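**Student:** Let me give you the structure first, and then I'll get to my questions.
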Amino acid sequence: MTDPDAPPATPTPPSEPPRLSPIRLHKALSAAWGTPPGLGRLSAVNHTVLGKRFIIAAFVFFAIGGALAMLIRVQLATSETAFVGPDVYNQFFTMHGSVMMFLFAIPMFEGFAIYLLPKMLGARDMAFPRLTAYGFWCYVFGGAILVAALVAGVAPNGGWFMYTPLTSSTYTPGINSDVWLLGVTFVEISALTAAIEITVSVLKLRAPGMSIDRMPIMAWYLLITAFMMLFGFPPLILGSILLELERAADLPFFDPLRGGDPLLWQHLFWLFGHPEVYIIFLPAAGAVSMMIPTFARHELVGYRTVVVAVMAVAFLSFGLWVHHMFTVGIPHLALAFFSAASGLVAIPTAVQIFAWLGTIAAGRPRYDVPMLYLGGFLAVFVIGGLTGVMLAMVPFNFQAHDTHFVVAHLHYVLVGGFVFPMLAATYYWLPHITGRACERRLAVPAFWLIFVGFNLTFFLMHLTGLAGMPRRVWTYPESAGWDGLNLLSSVGGFLTAMGFALFVMDIVVQLRFGRRFRRNPWQARTLEWATPTPPPAYAFAALPRIADRADRLDPGAIGVALARGEGYLGFDRDGRMETLAVEMASGAPQQVVVLPKPTYLPLATGLATGAVVLALLFKLYLVALLGLAATLALFLAWTPSCGARADSGPLPIGMGETAPPHWEAARPPSWWAMVFTLAADATLFGSLLFGGVFLAVVGPAVPAPPIVLPPALLIGAGAALVAGAAAAAFAVRRLVAGRSPAAALLAALVLPLAAVALLLPVIGGLGDPTLHASRAVTFVTLAYLILHALIAALFAGFGLWRMRAGFLSATRSLDLRLGALWHGYSAAAGIAGLAFLCGLSLLGVVLPAVPGVEGGPP
């Protein structure tokens, strides 16, 4: 009789699939990786398709933002213009900034990253194709909500920075601000999914042999940028949630009459906002670091030094947020610290610039259209950097703050640091996307119109700013003497628009009439040019083994060998979509990652998420709950195609090597994705705790009504969360030992629910959370802990279902290990959150319920 607790026998490793001729291999892989035609295109999960969609959508939003900029310049061309009124103008400039920051810049670099990264790294796709598709639909639907609000005349009108109290319900009673708070948060879901996708893909999905010090330089830039997004976006998401709660439920986080503070919004916003500048700049700088070596015909000078400089920029960017708040009453010591840090960030930025110049000087440069735009980038960005150093100096900042000088600086940094490099990148990689060579007849005049028009527009804004013209004004008196400069700025704006129109015409001409070629027209030495152009859905017929740094390769020779199937996974295994995951540092192959087929589930899940956002926007909270349930159900519908119901053991991967499928590996991509998700979640929670401490210590001294927190319930809830985490970890150990984890999973399900049952009376006993900000912070902190406990219980229930469905075994424990990570974080957050509330009690904000004391039980 078989022992039910005995570990399963090790399966016999399957043999390697037969080798195919290059043509048959191409057909087999195309059938496995291709996107269905017709309406089937809505089910696309392929990185090449989705990357192009991101890029196209970003250019569409860029056109909308540019049209709004032209309307702004018409209004400001002369004094006392009656083109639009102040309400419409406020919508125009708010939407212009929001579209350019949230709907163009970030999604544009995401599109390039999604399209290029697998090809640069020698992989067949990103780590989570369905997550990429879901992020795309969130981006498009969120952007559509914002644009539809503009058409309907209810667009956000409080500035792209949404400063309180201007955007509170008292001063903006309509849905204008809600559109921004909910729509931008919807779009930020896309940004966070892309950050997780990029981080995991760079660290795990590389060609065998591509150690971390052999990665292409752009992979380093994108990896560091993705980490910045993981830690930079949560403060803004939290701020948006808190402000929406204030507007919808009257929780007074930013109301100084009830213990709130408008400066809390500025801190949360600029904790995101200043890293955002570098989140936009660094991917563009990565593209520059790829293109300059190609046209200089010399590898990048100071590769390792540039990597360290980029890390330094990322680190310093998180310590500069008060740079935007010098005039709000910051203590002098803090002003000195943040001023010094703001100047210090120029050093690693200059290191990159000198590395680019050194590469040009060391090589034999040849000039083409991308180099023209790169020259424009260097000129414009250096000016923007110098004015940034000026604004970092507190005395000058006090004079120039909130003037057009700041507007000019912002555009020199963002347009110079992002738009010019992205235009160069478009010309550089467009042949890769289309298989057609670059023409020059329209590209050169387009550049000069953009370059001259941009400098005419924004260089003169430095002068109007120094002359005293404030930003965010819809008109100005003739006596101010700003008419001449503003008229020239508006002329420059229309020259720039003409240049971009010519650029679009040039792209269309190239798509239709460009000369066809096979691959690598620039004679680059990076791996993306080893694919055919345009690339097939599977990118590489076989995966290469990399023995040198990724900017020292011969794409021509590599491409021919890979097309013959000479490499890893150079075969078709039962129509499965397979790529390899490697050890992070060394690049040694570790596991076969099996990717999902095209599916409509990301589209359906995006629609359900959009329904939640719209229901919240129109205050239909029951509908929002139903939409949330539908979204959760759709996410769960993703899971049946993940994993396997039988152990397979190591699989042949070619080159005489084997590797297990990812669901039998110790640290697959999904495990790392959970780790990074929890890191972003912890950043949001840390921002909430920061907000609570800020209001308690720095906020207005408005007497707070006492808050009673029963110690027994708090201790019991914390103990239940810790015990639940221990039960989840024990379930993993039981499963790995070949024993049933059912009892431990049941405990991991019940214990978080017990914690919820103990915390609900605590929330019920708080009283009215609208009376004071301290009560609102306590309410939101407890709600955060309850939500995470409920999700922990859901993970345990999911583990029980996966066990009954046959997806779990001693070697297939991934589902339980993911749940154990969430349980562990929920317990840690629970202890931290309850300790935080106890800490507030020491400041007199929250009172523990003590028997025999007023406010406590008898």
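The values are calculated or read from the model by the stated rules, or taken from the named source; none is laboratory data. This structure is a prediction, so every number in the text was calculated from the model and none was measured. In this analysis, Cβ positions are derived from the backbone assuming ideal geometry, glycine residues included, and neighbour counts consider all displayed protein chains.
**Student:** Any residue at all in segment 615-631 that's touching a residue at least 60 places away in the same chain (Cβ under 8 Å), under 18 Å from THR185 (Cα atoms) and of a type in the set (A, V, I, L, M)?
**Tutor:** yes
**Student:** Next question, about the same structure. Of the residues ILE237, ILE217, ILE212, which is touching a residue at least 12 places away in the same chain (Cβ under 8 Å), surrounded by fewer than 21 Cβ atoms within 10 Å (Cβ to Cβ) and among the β-branched types (Val, Ile, Thr)? Walk me through it before giving the result.
**Tutor:** Working: ILE237 fails: surrounded by fewer than 21 Cβ atoms within 10 Å (Cβ to Cβ); ILE217 fails: surrounded by fewer than 21 Cβ atoms within 10 Å (Cβ to Cβ).
None of the others qualify; the one that does is ILE212.
**Student:** Anything in segment 710-723 that is of a type in the set (Gly, Ala, Ser) and closer than 15 Å to GLY833 by Cβ? List them, or say none.
**Tutor:** Here is the first cut: in segment 710-723, the ones of a type in the set (Gly, Ala, Ser) are 712, 716-720, 723.
GLY716, ALA717, GLY718, ALA719, ALA720 - these are the residues of segment 710-723 that are of a type in the set (Gly, Ala, Ser) and closer than 15 Å to GLY833 by Cβ.
**Student:** Could you tell me whether any residue of segment 588-600 is more than 30 Å from ALA542 (Cβ to Cβ), at pLDDT 95 or above and surrounded by fewer than 20 Cβ atoms within 10 Å (Cβ to Cβ)? Step through it out loud before you land on a result.
**Tutor:** Quick first cut of segment 588-600, residues more than 30 Å from ALA542 (Cβ to Cβ) only: 600.
The next check asks that each one be at pLDDT 95 or above; those that pass are 600.
The next check asks that each one be surrounded by fewer than 20 Cβ atoms within 10 Å (Cβ to Cβ); those that pass are 600.
Checked against the condition, which is being more than 30 Å from ALA542 (Cβ to Cβ), at pLDDT 95 or above and surrounded by fewer than 20 Cβ atoms within 10 Å (Cβ to Cβ), segment 588-600 yields at least one hit.
**Student:** Being surrounded by 20 or more Cβ atoms within 10 Å (Cβ to Cβ), assigned to a helix (DSSP H, G or I) and not charged (D, E, K, R) is the filter here; which residues of segment 757-777 pass it?
**Tutor:** LEU758, LEU759, VAL762, ALA773, SER774, ALA776, VAL777
**Student:** Is there a residue being in contact with an Asp or Glu (Cβ under 9 Å, 6 or more places away or on another chain), part of a helix (DSSP H, G or I) and under 30 Å from PRO86 (Cβ atoms) anywhere in segment 477-490?
**Tutor:** Of segment 477-490, the ones in contact with an Asp or Glu (Cβ under 9 Å, 6 or more places away or on another chain) are 477-478.
Checking the rest, the ones that are also part of a helix (DSSP H, G or I) come to 478.
Subsequent filtering for residues that are under 30 Å from PRO86 (Cβ atoms) retains 478.
Within segment 477-490 (the criterion being in contact with an Asp or Glu (Cβ under 9 Å, 6 or more places away or on another chain), part of a helix (DSSP H, G or I) and under 30 Å from PRO86 (Cβ atoms)), the answer is yes, since at least one residue qualifies.
**Student:** If you don't mind, another one. So, in segment 660-706, exactly how many residues are farther than 30 Å from ASP125 by Cα and assigned to a helix (DSSP H, G or I)?
**Tutor:** So the first thing to find is which residues in segment 660-706 are farther than 30 Å from ASP125 by Cα, and the list is 685-706.
Imposing the further condition that a residue be assigned to a helix (DSSP H, G or I) reduces the set to 685-697.
Final tally of qualifying residues: 13.
**Student:** Looking at (1) closer than 30 Å to ASP551 by Cα; (2) of a type outside the set (Gly, Ala, Ser); (3) without any contact (Cβ under 8 Å) to a residue 40 or more places away in the chain, which is the one condition that is false for LEU374?
**Tutor:** Condition not satisfied by LEU374: (3).
**Student:** Report, by residue number, each residue of segment 459-470 that is touching a residue at least 40 places away in the same chain (Cβ under 8 Å) and either over 25 Å from SER490 (Cβ atoms) or not in a helix (DSSP H, G or I) (or both).
**Tutor:** Selection gives GLY468, MET469, PRO470.
**Student:** Every residue in segment 1-22 that is modelled with pLDDT of 85 or more and within 18 Å of MET577 (Cα to Cα), please. It would help to see each step written out before you state the result.
**Tutor:** Let us first name the residues in segment 1-22 that are modelled with pLDDT of 85 or more, namely 17-22.
Across segment 1-22, the qualifying residues are PRO17, PRO18, ARG19, LEU20, PRO22.
**Student:** Looking only at segment 134-154, how many residues end up being among the small types (Gly, Ala, Ser) and closer than 21 Å to GLU276 by Cβ? Show your work before the answer.
**Tutor:** The initial filter retains those residues of segment 134-154 that are among the small types (Gly, Ala, Ser), namely 135, 142-144, 148-149, 152-153.
Among the residues that remain, those that are also closer than 21 Å to GLU276 by Cβ are: 135, 142-143.
Selection size over segment 134-154: 3.
**Student:** If you take the residues in segment 631-659 that are assigned to a strand (DSSP E or B) and not charged (D, E, K, R), which one is nearest to LEU192 (Cα to Cα)?
**Tutor:** The first filter runs over segment 631-659 and keeps only residues assigned to a strand (DSSP E or B), leaving 651-654, 657-659.
From what is left, the residues that are not charged (D, E, K, R) are 651-654, 658-659.
On the way: LEU651: 33, PRO652: 34, ILE653: 32, GLY654: 35, THR658: 34, ALA659: 30 Å.
Looking at the filtered set, the residue picked out is ALA659.
Rundown of residues vs (1) touching a Leu at 6+ places or on another chain (Cβ under 9 Å); (2) more than 27 Å from HIS432 (Cα to Cα); (3) touching a residue at least 24 places away in the same chain (Cβ under 8 Å); (4) not in a helix (DSSP H, G or I), yes/no style:
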{"site": "ALA539", "(1), (2), (3), (4)": "no, no, yes, yes"}
{"site": "ASP548", "(1), (2), (3), (4)": "no, no, yes, yes"}
{"site": "ARG552", "(1), (2), (3), (4)": "no, no, yes, yes"}
{"site": "GLY565", "(1), (2), (3), (4)": "yes, no, yes, yes"}
{"site": "GLN591", "(1), (2), (3), (4)": "yes, yes, yes, yes"}
{"site": "THR599", "(1), (2), (3), (4)": "no, no, yes, yes"}
{"site": "VAL613", "(1), (2), (3), (4)": "yes, yes, yes, no"}
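**Student:** Can I ask one more? With the checklist (1) of a type outside the set (S, T, N, Q); (2) over 31 Å from the mean Cα position of the chain (by Cα); (3) more than 19 Å from TYR784 (Cβ to Cβ) in hand, flag the one item ALA665 doesn't pass.
**Tutor:** With respect to (1) of a type outside the set (S, T, N, Q); (2) over 31 Å from the mean Cα position of the chain (by Cα); (3) more than 19 Å from TYR784 (Cβ to Cβ), ALA665 is out only on (2).
**Student:** Right, VAL351: within 25 Å of ILE212 (Cα to Cα), within 27 Å of the chain's Cα centre (by Cα), crowded, with 21+ Cβ neighbours inside 10 Å and in contact (Cβ under 8 Å) with a residue 40 or more places away in the chain or not? Can you show your working first?
**Tutor:** On the way: within 25 Å of ILE212 (Cα to Cα): yes; within 27 Å of the chain's Cα centre (by Cα): yes; crowded, with 21+ Cβ neighbours inside 10 Å: no; in contact (Cβ under 8 Å) with a residue 40 or more places away in the chain: yes.
Taking the combined requirement at face value, the residue does not satisfy it.
**Student:** Pick from segment 628-674 the residues that are in contact with a helix residue (DSSP H, G or I) (Cβ under 7 Å, 6 or more places away or on another chain), closer than 21 Å to LEU735 by Cα and hydrophobic (A, V, I, L, M, F, W, C): which of them is surrounded by the fewest Cβ atoms within 10 Å (Cβ to Cβ)?
**Tutor:** Applying the filter and picking the extreme gives ALA644.
**Student:** Among the residues of segment 469-509, which ones are under 30 Å from LEU442 (Cα atoms), hydroxyl-bearing (Ser, Thr, Tyr) and more than 32 Å from the chain's Cα centre (by Cα)?
**Tutor:** SER489, SER490
**Student:** Just wondering, is there one or more residues in segment 778-801 that are surrounded by 16 or more Cβ atoms within 10 Å (Cβ to Cβ), touching a residue at least 12 places away in the same chain (Cβ under 8 Å), of a type in the set (S, T, N, Q) and outside any helix (DSSP H, G or I)?
**Tutor:** Scanning segment 778-801 turns up no residue that is surrounded by 16 or more Cβ atoms within 10 Å (Cβ to Cβ), touching a residue at least 12 places away in the same chain (Cβ under 8 Å), of a type in the set (S, T, N, Q) and outside any helix (DSSP H, G or I).
**Student:** Does MET228 meet the test of being among the aliphatic types (A, V, I, L, M) and assigned to a loop (DSSP other than H, G, I, E, B)? Please lay out each step first, then the result.
**Tutor:** On the way: among the aliphatic types (A, V, I, L, M): yes; assigned to a loop (DSSP other than H, G, I, E, B): no.
No; evaluated as a whole, the condition is false for this residue.
**Student:** Over 30 Å from the mean Cα position of the chain (by Cα) and modelled with pLDDT under 95: is that true of GLY567 in this structure?
**Tutor:** Numbers: over 30 Å from the mean Cα position of the chain (by Cα): yes; modelled with pLDDT under 95: no.
It is false that GLY567 is over 30 Å from the mean Cα position of the chain (by Cα) and modelled with pLDDT under 95.
**Student:** Taking ARG812, is it of a type in the set (D, E, K, R), assigned to a loop (DSSP other than H, G, I, E, B) and at pLDDT 95 or above? So that I can check it myself, show each step before the final result.
**Tutor:** Working: of a type in the set (D, E, K, R): yes; assigned to a loop (DSSP other than H, G, I, E, B): yes; at pLDDT 95 or above: yes.
For ARG812, the condition - of a type in the set (D, E, K, R), assigned to a loop (DSSP other than H, G, I, E, B) and at pLDDT 95 or above - is met.
**Student:** Quick check on this structure: which one of GLU276, GLU299 is acidic (Asp, Glu) and surrounded by fewer than 20 Cβ atoms within 10 Å (Cβ to Cβ)? Break it down stepwise before answering.
**Tutor:** On the way: GLU276 fails: surrounded by fewer than 20 Cβ atoms within 10 Å (Cβ to Cβ).
The conditions single out GLU299.
**Student:** Return the residue satisfying two criteria in turn: it lies in segment 376-407 and is part of a helix (DSSP H, G or I), among the β-branched types (Val, Ile, Thr) and touching a Gly at 6+ places or on another chain (Cβ under 9 Å), and of such residues it is surrounded by the most Cβ atoms within 10 Å (Cβ to Cβ). It would help to see each step written out before you state the result.
**Tutor:** So the first thing to find is which residues in segment 376-407 are part of a helix (DSSP H, G or I), and the list is 376-392, 394-400, 404-407.
Imposing the further condition that a residue be among the β-branched types (Val, Ile, Thr) reduces the set to 380, 382-383, 387, 389, 394, 406-407.
From what is left, the residues that are touching a Gly at 6+ places or on another chain (Cβ under 9 Å) are 380, 382-383, 389, 406-407.
Values: VAL380: 23, VAL382: 15, ILE383: 19, VAL389: 13, VAL406: 20, VAL407: 20.
In this case the residue turns out to be VAL380.
**Student:** Does ALA285 fit the bill of being at pLDDT 95 or above, small (Gly, Ala, Ser), buried (at least 21 other Cβ atoms within 10 Å of the Cβ) and within 25 Å of MET100 (Cα to Cα)? Lay out the reasoning, then the answer.
**Tutor:** On the way: at pLDDT 95 or above: yes; small (Gly, Ala, Ser): yes; buried (at least 21 other Cβ atoms within 10 Å of the Cβ): yes; within 25 Å of MET100 (Cα to Cα): yes.
Spelling it out, ALA285 is indeed at pLDDT 95 or above, small (Gly, Ala, Ser), buried (at least 21 other Cβ atoms within 10 Å of the Cβ) and within 25 Å of MET100 (Cα to Cα).
**Student:** Do the conditions hold for THR199, that is, is it crowded, with 22+ Cβ neighbours inside 10 Å, outside any loop (DSSP other than H, G, I, E, B) and in contact with a Phe, Trp or Tyr (Cβ under 7 Å, 6 or more places away or on another chain)?
**Tutor:** Values: crowded, with 22+ Cβ neighbours inside 10 Å: yes; outside any loop (DSSP other than H, G, I, E, B): yes; in contact with a Phe, Trp or Tyr (Cβ under 7 Å, 6 or more places away or on another chain): yes.
Spelling it out, THR199 is indeed crowded, with 22+ Cβ neighbours inside 10 Å, outside any loop (DSSP other than H, G, I, E, B) and in contact with a Phe, Trp or Tyr (Cβ under 7 Å, 6 or more places away or on another chain).
**Student:** Report, by residue number, each residue of segment 427-458 that is within 21 Å of ARG518 (Cβ to Cβ) and either hydroxyl-bearing (Ser, Thr, Tyr) or not in a loop (DSSP other than H, G, I, E, B) (or both).
**Tutor:** Let us first name the residues in segment 427-458 that are within 21 Å of ARG518 (Cβ to Cβ), namely 427-440.
Once the filter is applied, which keeps residues that are within 21 Å of ARG518 (Cβ to Cβ) and either hydroxyl-bearing (Ser, Thr, Tyr) or not in a loop (DSSP other than H, G, I, E, B) (or both), segment 427-458 yields TYR427, TYR428, TRP429, LEU430, PRO431, HIS432, ILE433, THR434, ARG436.
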